[in-house]
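The values are calculated or read from the model by the stated rules, or taken from the named source; none is laboratory data. No experiment lies behind these values; they were computed from the predicted model shown. Cβ sites come from the backbone with ideal geometry, for glycine too, and all protein chains shown count toward neighbours.
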Amino acid sequence: TSVARAQSSGFDFEPIGIATDFDIHVPAGYQWKPLVKWGQPLFSEAEGAFSPETGVSVAMSDKVFGENTDGMELFEVDGAQVIAVNSEYVNPKINLPEASEGMPANVDEVTLLKNMQGVTVMEIADTGNGYEVVVDSPFNRRITHETQMTMDGPAAGSALVQTNADPEGMSPKGTMNNCGSGKTLWGTYLTCEENFNGYFGTTGEMPEGEGYSRYGIGGEGRYAYEKYDARYDLSQEPNEPHRHGWITEIDPSDASSTPVKHTALGRFKHENAEMVQAADGRVVVYMGDDERGEFIYKYVSNGTWAEGQPTDGLLSDGTLYVAKFNPDQTGEWLALTPESTSMSLEEILVFSRMAGSKVGATTMDRPEWIACNPLKAEAYCALTNNKNRGLKTNAGGDETPVGGPNPREANNYGQIVRWTPENGDHGTIDFTWDLYVMAGNPEVHADAYAGSDNVTTGNMFNSPDGMAFDTKGRLWIQTDGDDSNEGDFAGMGNNQMLVGDTETGEIARFLTAPNGAEVTGLCWSADRKVAFVGIQHPGGSWPDGEGKPRSSVISVWREDGETVG
Ligand code: FEO
Ligand code: CA
Ligand code: CA
Ligand code: CA
C-alpha cells in the first residue's frame, strides 16, 4: 500500500501543538468566537428560553438552536447567507432535570428531547462585530423528529414503509440522528440520517426479520420514546424504522417547504452525502455507512443536469452501487439490482446493507465523511477506526478480514482512503485507490500502528471523521476520537481539526477543541473569510465558563482579513 510522503511545509499558518484543556486553540494570527450555541434563540419569542443551570424550556424548545451540532452547509439565498446545520442527538443528562436520571419521565420531556434534535436553518450576517444569527429571519426554521416530510424513489409507498398512521407510506414524520451533510448542485441541503436505530424500542413483542438485527434495531430505545409515543414502539409500528436512515433533502430558501426522503439513495447509517457530477452530466452521490464492517456506496442518477435545468428525478431515479476494493489497489462499483442481489428493488433500497453483502462489497473500518477534491477527480473517505477489524464480525454483517484499505487488526486510529475514478470521471465503474494517511502514534509504536510517514509526533491524531475540501484543494480533517492523551493516545491531546496537502501528503494541526468534544461540521462564509466549525459534546462549562457545557458552532477568521479556505 503506497502512502503519500510528507514534504516541506506548504501551509500559510504555523501549526499548533496539542491541548488538553477546556478551550479552543487556533494558530497565531487567527481568532475565534461562538456563532451559535445550544439553546440560543432563533426567534425573539424565545429570548431568555435558555438557562445556564436548567437548559431550555419545553415550550420554546423548537424555537432555539438544537444540541450537539454536526454537519452543516452554507447557502446564498437572494443575497442572504443561510446555514443549515444538524443537531445529531441529545445528551439527556444535560437537557433533563436531575431527577430524570437521564431518561424522560413524561411526555413533555420526550417532546423536549425530540425538539433539541434534527436540523436548524438560520440566516447569519456579519454585523461588523463578526457573524451573528439573524433573529426572526424568514429563513429561520427548526426541523425536528415531528416535522412532516414526504418520500420519493422506488421504495416510497411500498409495503415496507407503510404504517398504521400512514397507510400510503408516503408521509413520514421527522428526521433523526442527523449526522453529516451534503449540498446539492442546485442549492439544497442534504441531511443524513445515521444511528436512527437507537430511537426505537418495544413495549410488546419484537417483530422478526434480518432487517432488524442487521441495522441494530431492538431492545430499549435510548430515550424511551416508545413508552410515550406509539410511533417508536416496534410492537405497534414495525415499519416505522424503515422510514428512517435515508438521505433527506431540505430547501433552505423556503421555510415552508416539505423535506423529501430520497429512497433511491439507499437506507443505512448515513454519514454524509458528497455530490459531484459525472462527465456526461449525471449526478453522483458518494455515501458512507458508519458501522464497523459496513460499506461505501455511490448513487448515480439516470438523468443529467446543468445549471438552470429542472432537477426532477435526479435523486429518485438512478442506480445504487457499493464499493469493492481489491488488494491490488484497484476497485469497482457493484450495481445493486434485482439481478445482482435476488432482492426486489424496494428491498435493495430499504435493506441496502443486506444487498451489499449479496454482491460481495468490501467491509470497511467505519466509513465516515467522504469529500471530493474540487481540483481533480478524487474522493477521500475517513475510515474512523474499527476495534473489531480482523477479530469479530458486527451487527450480523460479513466477516472483516484484515487487508486492502483496512490493513490493521484492532484498528483504533483510523485511516483515510482515496480513490481516483477511471478516466477521471466519477460516473465510471472502475477506480484505483491508495491510503492518503494511516493515523497512528509514532511516540508509542514502531510498527504499522505508528501510522504512515506523513504522521509525526507533531501532528498526531486519531479517528478522522469530518472532512471537507476548500477552494484551494486543501483537505480539512476533523477528529472524533479518544482524547484521554494516555496510553495508545498519549501525545494526541484533545480532538482537533487539521489541514492536509493532498499532493505532498503533509498534514498540519490547525485547531484543538475543548476536552470531551469532537470537531464536526465545517463550512465557510460566502467570501471564504470565515470558517464555521462545529464543536459537539464539549466538556467542562465550555464556552460560557459557567453552567452547562453548550455544543456550539464557532467562527474562525484571520486577523489580517485574508481568506481561510
Ligand atoms: Fe455521527 Fe458517524 O458520525
Ligand atoms: Ca461523524
Ligand atoms: Ca465519529
Ligand atoms: Ca458525534
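Return only the number of the condition from (1) buried (at least 24 other Cβ atoms within 10 Å of the Cβ); (2) at pLDDT below 95 that ALA395 does not satisfy.
Failing condition for ALA395: (1).
Determine, yes or no, whether THR384 is over 30 Å from VAL161 (Cα atoms), more than 16 Å from ligand 2 (Cβ to nearest atom) and touching a residue at least 40 places away in the same chain (Cβ under 8 Å). Give the derivation first.
Values: over 30 Å from VAL161 (Cα atoms): yes; more than 16 Å from ligand 2 (Cβ to nearest atom): no; touching a residue at least 40 places away in the same chain (Cβ under 8 Å): yes.
Spelling it out, it is not the case that THR384 is over 30 Å from VAL161 (Cα atoms), more than 16 Å from ligand 2 (Cβ to nearest atom) and touching a residue at least 40 places away in the same chain (Cβ under 8 Å).
Looking for whichever is in contact with a helix residue (DSSP H, G or I) (Cβ under 7 Å, 6 or more places away or on another chain), crowded, with 23+ Cβ neighbours inside 10 Å and under 15 Å from THR20 (Cα atoms) here; the options are ASN495, ASN462. Which one fits?
Details: ASN495 fails: in contact with a helix residue (DSSP H, G or I) (Cβ under 7 Å, 6 or more places away or on another chain).
Testing whether each residue is in contact with a helix residue (DSSP H, G or I) (Cβ under 7 Å, 6 or more places away or on another chain), crowded, with 23+ Cβ neighbours inside 10 Å and under 15 Å from THR20 (Cα atoms) leaves just ASN462.
Since ALA159 meets every condition but one in (1) under 24 Å from MET343 (Cα atoms); (2) hydrophobic (A, V, I, L, M, F, W, C); (3) in contact with a helix residue (DSSP H, G or I) (Cβ under 6 Å, 6 or more places away or on another chain), which condition does it not meet?
(3)
Would you please list the contacts, defined by Cβ atoms under 9 Å and residues six or more apart or on different chains, that run from a residue in segment 323-339 that is on the phi > 0 side of the Ramachandran plot to a residue that is charged (D, E, K, R) and assigned to a strand (DSSP E or B)?
Final answer for the pair search is GLN329/ASP434.
Aromatic (Phe, Trp, Tyr) and surrounded by fewer than 23 Cβ atoms within 10 Å (Cβ to Cβ), is that true of TRP524? Steps first, please.
On the way: aromatic (Phe, Trp, Tyr): yes; surrounded by fewer than 23 Cβ atoms within 10 Å (Cβ to Cβ): yes.
Criteria met by TRP524.
Every residue, every condition in (1) over 18 Å from LEU435 (Cβ atoms); (2) over 20 Å from the mean Cα position of the chain (by Cα); (3) β-branched (Val, Ile, Thr), yes or no:
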| position | (1), (2), (3) |
| --- | --- |
| LEU375 | yes, yes, no |
| ASN388 | yes, yes, no |
| THR393 | yes, yes, yes |
| GLU399 | yes, yes, no |
| ARG408 | no, yes, no |
| ARG418 | no, no, no |
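Within segment 472-498, work out how many residues are more than 13 Å from ligand 3 (Cβ to nearest atom), assigned to a loop (DSSP other than H, G, I, E, B) and in contact with a Ser or Thr (Cβ under 8 Å, 6 or more places away or on another chain).
Total meeting the criteria: 5.
Any idea which of (1) out of contact with any strand residue (DSSP E or B) (no Cβ under 9 Å at 6 or more places or on another chain); (2) among the aromatic types (Phe, Trp, Tyr); (3) within 17 Å of VAL533 (Cα to Cα) is the one TRP476 doesn't satisfy?
With respect to (1) out of contact with any strand residue (DSSP E or B) (no Cβ under 9 Å at 6 or more places or on another chain); (2) among the aromatic types (Phe, Trp, Tyr); (3) within 17 Å of VAL533 (Cα to Cα), TRP476 is out only on (1).
So which residues in segment 517-537 are within 12 Å of ligand 4 (Cβ to nearest atom) and not polar (S, T, N, Q)?
Residues satisfying the conditions are ALA517, GLU518, VAL519, GLY521, GLY534, ILE535, HIS537.
Just give me the residues in segment 452-465 being over 25 Å from ILE535 (Cβ atoms) and either free of Cβ contacts under 8 Å to residues at least 60 places away in the same chain or within 16 Å of ligand 1 (Cβ to nearest atom) (or both), in sequence order.
Passing the criteria: only THR457.
Please verify whether segment 345-361 includes one or more residues that are surrounded by 18 or more Cβ atoms within 10 Å (Cβ to Cβ) and assigned to a strand (DSSP E or B).
Of segment 345-361, the ones surrounded by 18 or more Cβ atoms within 10 Å (Cβ to Cβ) are 345-357, 361.
Still in the list and also assigned to a strand (DSSP E or B): none.
Looking through segment 345-361, none of the residues is surrounded by 18 or more Cβ atoms within 10 Å (Cβ to Cβ) and assigned to a strand (DSSP E or B).
With the requirement that a residue be more than 20 Å from VAL519 (Cα to Cα) and assigned to a strand (DSSP E or B), what does segment 362-381 give you?
Narrowing segment 362-381 to residues more than 20 Å from VAL519 (Cα to Cα): 362-364, 373-379.
Residue satisfying the conditions is ALA379 alone.
Of all residues in segment 395-431, which are outside any strand (DSSP E or B) and of a type in the set (D, E, K, R)?
Taking segment 395-431 first, the residues outside any strand (DSSP E or B) are 395-402, 404-405, 407-410, 412-414, 422-429.
Residues satisfying the conditions are ASP398, GLU399, ARG408, GLU409, GLU422, ASP425.
I'd like the residue in segment 432-471 that is part of a loop (DSSP other than H, G, I, E, B) and among the hydroxyl-bearing types (Ser, Thr, Tyr) and, out of all such residues, is nearest to ligand 4 (Cβ to nearest atom). Working first, answer last.
Our first condition is that a residue be part of a loop (DSSP other than H, G, I, E, B); within segment 432-471, this holds for 439-447, 451-463, 470-471.
Of the ones still in play, those that are also among the hydroxyl-bearing types (Ser, Thr, Tyr) are 452, 456-457, 463, 471.
Values: SER452: 25, THR456: 27, THR457: 27, SER463: 11, THR471: 27 Å.
Looking at the filtered set, the residue picked out is SER463.
Could you grab the pairs with beta carbons closer than 7 Å, sequence gap of 6+ or different chains, first residue in segment 507-524 and outside any strand (DSSP E or B), second one away from ligand 4 (no atom under 16 Å from the Cβ) and of a type in the set (Asp, Glu)?
Every condition considered, the pairs that remain are PRO514/ASP23; ASN515/ASP21.
Taking the residues in segment 151-199 that are of a type outside the set (Gly, Ala, Ser), in a strand (DSSP E or B) and within 16 Å of ligand 3 (Cβ to nearest atom) as candidates, determine which candidate is nearest to the chain's Cα centre (by Cα). Give the steps one after another, and end with the answer.
Residues of segment 151-199 that are of a type outside the set (Gly, Ala, Ser), as a first pass: 151-152, 154, 160-164, 166-168, 170, 172-173, 175-179, 183-186, 188-197, 199.
Filter again for in a strand (DSSP E or B), leaving 151-152, 173, 178-179, 183, 189-193.
Cutting the leftovers down to within 16 Å of ligand 3 (Cβ to nearest atom) gives us 178-179, 192-193.
Details: ASN178: 7, CYS179: 3, CYS192: 6, GLU193: 8 Å.
Top of the filtered list is CYS179.
A quick yes/no check of all residues on (1) within 15 Å of VAL82 (Cα to Cα); (2) hydroxyl-bearing (Ser, Thr, Tyr); (3) under 21 Å from the mean Cα position of the chain (by Cα); (4) surrounded by fewer than 18 Cβ atoms within 10 Å (Cβ to Cβ):
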site	(1), (2), (3), (4)
THR111	no, yes, no, no
LYS114	no, no, yes, no
ILE124	yes, no, no, no
ASN129	no, no, no, yes
VAL134	yes, no, no, no
PHE139	yes, no, no, no
MET149	no, no, yes, no
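Just for strands (runs of 3 or more DSSP E) wholly inside segment 251-321: which have at least 3 residues that are within 16 Å of ligand 2 (Cβ to nearest atom)?
On the way: elements: 260-262, 274-277, 282-288, 296-304.
Output list reads 282-288.
For VAL77, indicate whether it is crowded, with 21+ Cβ neighbours inside 10 Å and either more than 19 Å from the chain's Cα centre (by Cα) or in contact (Cβ under 8 Å) with a residue 60 or more places away in the chain (or both). Explain how you work it out, then say what you get.
Values: crowded, with 21+ Cβ neighbours inside 10 Å: no; either more than 19 Å from the chain's Cα centre (by Cα) or in contact (Cβ under 8 Å) with a residue 60 or more places away in the chain (or both): yes.
So VAL77 fails the test.
Do the conditions hold for ALA273, that is, is it surrounded by fewer than 21 Cβ atoms within 10 Å (Cβ to Cβ) and among the aliphatic types (A, V, I, L, M)?
Numbers: surrounded by fewer than 21 Cβ atoms within 10 Å (Cβ to Cβ): no; among the aliphatic types (A, V, I, L, M): yes.
Considered against the rule, which asks whether it is surrounded by fewer than 21 Cβ atoms within 10 Å (Cβ to Cβ) and among the aliphatic types (A, V, I, L, M), ALA273 comes out as no.
Quick one: is GLU67 of a type in the set (D, E, K, R), closer than 15 Å to TYR189 by Cβ and under 22 Å from the mean Cα position of the chain (by Cα)?
Details: of a type in the set (D, E, K, R): yes; closer than 15 Å to TYR189 by Cβ: no; under 22 Å from the mean Cα position of the chain (by Cα): yes.
When the stated conditions are applied, GLU67 does not pass them.
Looking at (1) in contact with a Gly (Cβ under 6 Å, 6 or more places away or on another chain); (2) more than 30 Å from ASP78 (Cβ to Cβ); (3) not basic (Lys, Arg), which is the one condition that is false for GLY216?
(1)
Can you tell me which residues in segment 513-557 are small (Gly, Ala, Ser), under 17 Å from the mean Cα position of the chain (by Cα) and either more than 16 Å from ligand 2 (Cβ to nearest atom) or closer than 14 Å to ASP21 by Cβ (or both)? Don't jump to the end; show me each part of the working.
So the first thing to find is which residues in segment 513-557 are small (Gly, Ala, Ser), and the list is 513, 516-517, 521, 525-526, 531, 534, 539-541, 545, 547, 551-552, 555.
The next check asks that each one be under 17 Å from the mean Cα position of the chain (by Cα); those that pass are 517, 521, 534, 551-552.
The answer is ALA517, SER552.
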